[in-house]
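What follows is a single structure, written as structure tokens, with notes after it.
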Amino acid sequence: MNIHFYIAKRFLSSINETGKFTSLISIIGICIGSFALVISISVLNGFENKLDEKISNFDGHLKILDLNQNYDLTELKSIESIIDLSFSLQRKGIIKNNSSESLVTFKQIDFDKLKSFYNIPLVGDLSDGNKILIGNDIASRLGLAIGDEVIISSPLDQSSILGFPSAAKTHIGGIFYSKILDYDNKFVFISNTIGNKIFHNNSNLPSLDVKISDVSKLEMVKEKITNIVGKGNKVFSWKEKNAVLVSAIEMEKLGSIIVLSLIIVVACFSVISTISLITMKKIKDIGTLRLIGMNLIDVKKIIIFQTMIIGSKGLFLGVFFGISSIFLQNHYEFITLPSEIYAMEVLPMVITYQDILVVLIVNIFFIMSTGAIGAKKFLKTDPLEMLKWVK
Amino acid sequence: MGKIIIESKGLVKSYQNGKNRLIVLDNINIKIRENNIITIIGESGSGKSTLLNVLSSLDVFDKGDLVIEGNNIKNFSEQQLSLVRNSSIGFIFQFHHLLPDFNVRENILMPTWISKGYGIDEKVDELLDGFGLIKLSHKYPNEISGGEKQRVAILRAIINNPKVLFADEPSGNLDEKNSLKLIDLFESINRDYGTSIVLTTHNPHIANMGNENYELKSKTLFKR
């Protein structure tokens, strides 16, 4: 054992009732700060994960642009982590019923992949490829319900020399409610059957949506795909596509860490007063240690260790309670959310080892700084003065 | 004549007293040789404790030179001074200044732990046995008598084999019988470990035990 730690531990074990009380207050302060930090990071992680899950269910984790529908997918399928692939074609168009119309984005997909790849929450029956799937907001805006007849048209695809846009009469087979960004107000899923009827202009090729099993390998998979398809086909992830949103989440996460760290900073003031009180009580003993050959650096280390012992109790308790709360929430789902607002029923909480490490580093940095500041005052005192203080 | 361990040349020590400086030690010249016992007698308030503090590097001085084991410590850093206090000098205080949170054994070992690291326990059992304190080794300072505290303080002061042991009024709180025992103890330390001893006292009987006896009078030292 380290001599400084040993002395610090002994000094702390003999503190009086007042010292114990102020130590307890400091421990509670650090505990609350680190608990809040863990919970806040886990909630932001949870929302980020849910967003990742929802967007990847809509667009896949990666998208390869302008890939011919006849492209041989064997090599891509052999990449580890890729679990599914789906061709899709997006094009602006118009949907109209008897009374109103709206500009939308058609997403042509293989309807067989609707459950296996896209997995979007919906109501209705899409076994019939001649029906379409529209977003909940589009349905509300146009007053559409399942079974209603609509006309969809693609102005980019002219069907005759007169310049009329290519159009098709169809029925609403289902309504989806993804609650992602403005997707419910923007997208209409159509099957290959309908797509082939209205999309004649082959100027833009389909994209290949890619779904992977491990999000942490996103960049690695992207690099492998780029190597296979060549640089002519742009590959990008959902994060790149929604760069503003992702950077906003990251900024919010950073902001939370900074703001909640202020709780720890405030708690550290309490630690400084506790350490000052304890050191004041032990000033004679520190003077004795100085007189028998302990130098100022060693004394400083003892005071820092005292701070670390008090602080780490609060820190580990806070992290423990934080992790326990996350575990309980994930298993018992005791915090629910209004699903009509958040598109999820329970508060998502996810914490990683890296996040815990960040919390520990931030806290330990503040606690050690507190110890160094607390020690400063006593290092200026002459050892003989320390003895006389008590005399 | 033994080798000189500590030598002071023209030492002056003063304190600030309001706007004036009060000189308490003036032109102190003394040579502490190895294997020697030096006593310093003086009236209360004559500056005996200050002299011991200055000679043992615990306190700073205004003028002059203080050479310890060939090194003038005048410009020593705090770290160098700590090393001198830990390895070359032992100090026994009138009030013992034992650490109340540590038992007898730990108190004695503290200087060794400071220099060599926690856990080293060389020599301690031999010392505890030799000074009849082995039964007290796990007791805390508040559980032992004043005389026992004094002996623990002495063992703490000599555990790192210092060249010189300073004792400030060591018999101040002891009765005649225990004072005599203490003198025997110092003589045996000097004889068995070759440690030079410098002690201050106002007890004339103890003041005569040294090979060299001094008197601190009118701020300076006189050989008796």
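The values are calculated or read from the model by the stated rules, or taken from the named source; none is laboratory data. Every value quoted in this text rests on a predicted model; they were computed, and no experiment measured them. Ideal geometry is used to build each Cβ from the backbone, glycine not excepted, and the neighbour counts take in all protein chains shown. When the accessible area is computed, the model is the full protein with side chains, heavy atoms only, and any ligands, DNA or RNA have been set aside. Shrake-Rupley method; radii C 1.70, N 1.55, O 1.52, S 1.80 Å.
Leaving out ligands and nucleic acids, and using a 1.4 Å probe, what accessible area per residue does region B:77-224 come to in Å²? Mind dumping the intermediate values first?
Details: 6400 Å² over 148 residues.
For region B:77-224, the solvent-accessible area averages 43 Å² per residue.
Would you list A:279, A:18, B:220 from the most to the least accessible area, probe 1.4 Å?
The ordering from most to least exposed comes out as A:18, B:220, A:279.
Build a GNM of chain B with springs between Cα atoms under 10 Å: which of B:47, B:117, B:90 gets the top mean-square fluctuation?
B:117
Give the ranking of A:222, A:107 by solvent-accessible surface, highest area first, calculated with a 1.4 Å probe.
Result of the area sort, largest leading: A:222, A:107.
I'd like to check one number: the per residue accessible area of region A:94-170, probe 1.4 Å, reported in Å² as a whole number.
Counting only protein heavy atoms, the per-residue value for region A:94-170 is 52 Å².
Hey, what number do you get for chain A at 222 nm if only DSSP H runs of n ≥ 4 count, each worth -39500 (n - 2.57), divided across all residues, to the nearest 500?
-18000 deg cm²/dmol
Name the residues of region A:262-286 whose accessible area, probed at 1.4 Å, falls by at least 40 Å² once all protein chains are in place instead of their chain on its own?
Buried on complex formation: A:285.
Provide the solvent-accessible area of residue B:13, counting protein heavy atoms only and rolling a 1.4 Å probe, rounded to the nearest 10 Å².
10 Å²
Over 21 Å between Cα atoms: which of A:77/A:222; A:380/B:149; A:282/A:388; A:282/B:116 fall into that group?
Among A:77/A:222; A:380/B:149; A:282/A:388; A:282/B:116, the Cα-Cα distance tops 21 Å for A:380/B:149; A:282/B:116.
Relative to the Cα centre, what is the charge dipole magnitude of region A:68-110, using +1 at the beta carbon of each Lys and Arg, -1 at the beta carbon of each Asp and Glu, and rounding to the nearest 20 debye?
In debye, rounded to 20, region A:68-110 gives about 380.
Considering the dipole of region B:17-64 built from charges on the beta carbon (Lys and Arg +1, Asp and Glu -1) around the Cα centre, which of B:18, B:28, B:42 is farthest to its positive end?
The Cα lying farthest towards the positive end belongs to B:18.
Rounded if a/c is under 1.5, else prolate if a/b is larger than b/c, else oblate: which is region B:145-221, with a ≥ b ≥ c the root eigenvalues of its Cα gyration tensor?
Oblate, because a/c is 1.5 or more while a/b does not exceed b/c.
Counting helices only, and only those DSSP H runs with n ≥ 4, report the 222 nm mean residue ellipticity of chain B as the sum of -39,500 (n - 2.57) divided by its residues, in deg cm²/dmol to the nearest 500.
For chain B, the value works out to -9500 deg cm²/dmol.
Using a 1.4 Å probe on protein heavy atoms only, how many Å² of accessible area do B and A hide from each other, summed over both chains and rounded to 100?
Answer for the B-A pair: about 2300 Å² buried.
Which order do A:216, A:312, A:237 take when ranked by solvent-accessible area (1.4 Å probe, heavy atoms of all protein chains), largest first?
A:216, A:312, A:237
Summarise the accessible area of region B:79-224 (1.4 Å probe, protein heavy atoms) by the percent that is carbon and sulfur.
With neighbouring chains kept in place, the figure for region B:79-224 is 46 percent.
Ordered by residue, what ³J(HN,Hα) values in Hz, to whole numbers, does region A:220-229 give under the Karplus form 6.51 cos²θ - 1.76 cosθ + 1.60, where θ = phi - 60° and Gly and Pro are x?
Result, ordered by residue: 5, 5, 4, 5, 5, 5, 4, 5, 7, 7 Hz.
Could you do me a favour and compute the accessible area per residue for region A:171-220, 1.4 Å probe, result in Å²? Walk me through the numbers on the way to the answer.
Values: 2100 Å² over 50 residues.
Per-residue accessible area for region A:171-220 comes out at 42 Å².
Identify which of A:265, A:188, A:244 has the largest mean-square fluctuation in a Gaussian network model of chain A, with springs joining Cα atoms closer than 10 Å.
Result for chain A, Cα springs under 10 Å: A:244 fluctuates most.
If I ignore ligands, DNA and RNA and count only protein heavy atoms, how much of residue A:23 is accessible to a 1.4 Å probe, in Å² to the nearest 10?
10 Å²
Could you work out which residue, out of A:207, A:88, A:140, moves most in a Gaussian network model of chain A, that is, has the largest mean-square fluctuation with Cα springs under 10 Å?
Most flexible of the set in this elastic network: A:140.
Pop out a list of residues from region B:138-168 that are at least 20 Å² less accessible with all the protein chains around than in their chain alone; 1.4 Å probe, no ligands or nucleic acids counted.
B:156
Quick check: the angle from helix B:104-116's long axis to the longest principal axis of chain B, C-alpha only, nearest 10 degrees?
The two axes meet at around 60 degrees.
Report, for the protein assembly as shown, the % of DSSP beta bridges that are antiparallel, rounded to 5.
If I count the DSSP bridges inside the protein assembly as shown, around 65 percent turn out antiparallel.
List, by residue number, every residue in region B:89-136 with a reduction of 50 Å² or greater in accessible area between the chain on its own and the complete protein assembly, 1.4 Å probe.
B:97, B:99, B:101, B:102, B:114, B:118
May I ask you to give the percent of accessible area on region A:89-243 that is carbon plus sulfur, with a probe radius of 1.4 Å?
Looking at region A:89-243 in its full context, I get 49 percent from C and S.
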